[in-house]
Amino acid sequence: CMNYMFPASYAWGNFSVLAVGIWAIVQRDSLDAIMMFLAGLLLTVLTDIIHISVFYPPNNHLTDARRFSIGMAIFSLLLKPVSCYLVYRMYRERGGE
């Protein structure tokens with residue numbers, strides 16, 4: 001449903017952070033992987049806010065697919081601070097300061 005609403009940069013940004021997150025989970029002894037994942041999450045919070053605010057359509061152009069896309073993007077944005085907190089706890093458990 002992202003094709004209805006957001007440009008390709010939204011999907012590329014979030015999927016690349018997902019790939020770094022998988023790398024951080026697989027390599028349990030790497031502090032670099034978890035720091036890159038945390039930095040990527042924080043960066044996508046900012047870019048998601050920008051994407052949602054710039055590409056939000058006017059009210060007369062809201063179809064069901066666009067409304068669903070906006071809802072899922074906002075839901076993802078609301079869950080990212082929780083994810084950042086959990087990733088930070090993983091960083092502290094792995095020996096980060």
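Here are a few things to note about the model shown:
Condition check ((1) touching a residue at least 60 places away in the same chain (Cβ under 8 Å); (2) open to solvent by 40 Å² or more (accessible area, probe 1.4 Å); (3) within 21 Å of W12 (Cα to Cα)) across all residues:
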site	(1), (2), (3)
N59	no, yes, no
T63	no, yes, no
M72	yes, yes, yes
V82	no, yes, no
V87	yes, no, yes
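- Selection count, the stretch 8-29, where residues are open to solvent by 40 Å² or more (accessible area, probe 1.4 Å) and within 17 Å of I50 (Cβ to Cβ): 4
- L46 being within 17 Å of V82 (Cα to Cα) and either among the aliphatic types (A, V, I, L, M) or touching an Asp or Glu at 6+ places or on another chain (Cβ under 6 Å) (or both): yes
- Counting the residues of the stretch 30-55 that are in contact with a Ser or Thr (Cβ under 8 Å, 6 or more places away or on another chain) and open to solvent by 60 Å² or more (accessible area, probe 1.4 Å) gives 0.
The values are calculated or read from the model by the stated rules, or taken from the named source; none is laboratory data. Nothing here was measured: the structure is a model prediction, and the numbers come from that model. FYI the Cβ positions are ideal-geometry reconstructions off the backbone, even for glycines, and counts take in every protein chain you see. Side chains are part of the model used for accessible areas, which takes the heavy atoms of the whole protein and leaves out ligands, DNA and RNA. Shrake-Rupley method; radii C 1.70, N 1.55, O 1.52, S 1.80 Å.
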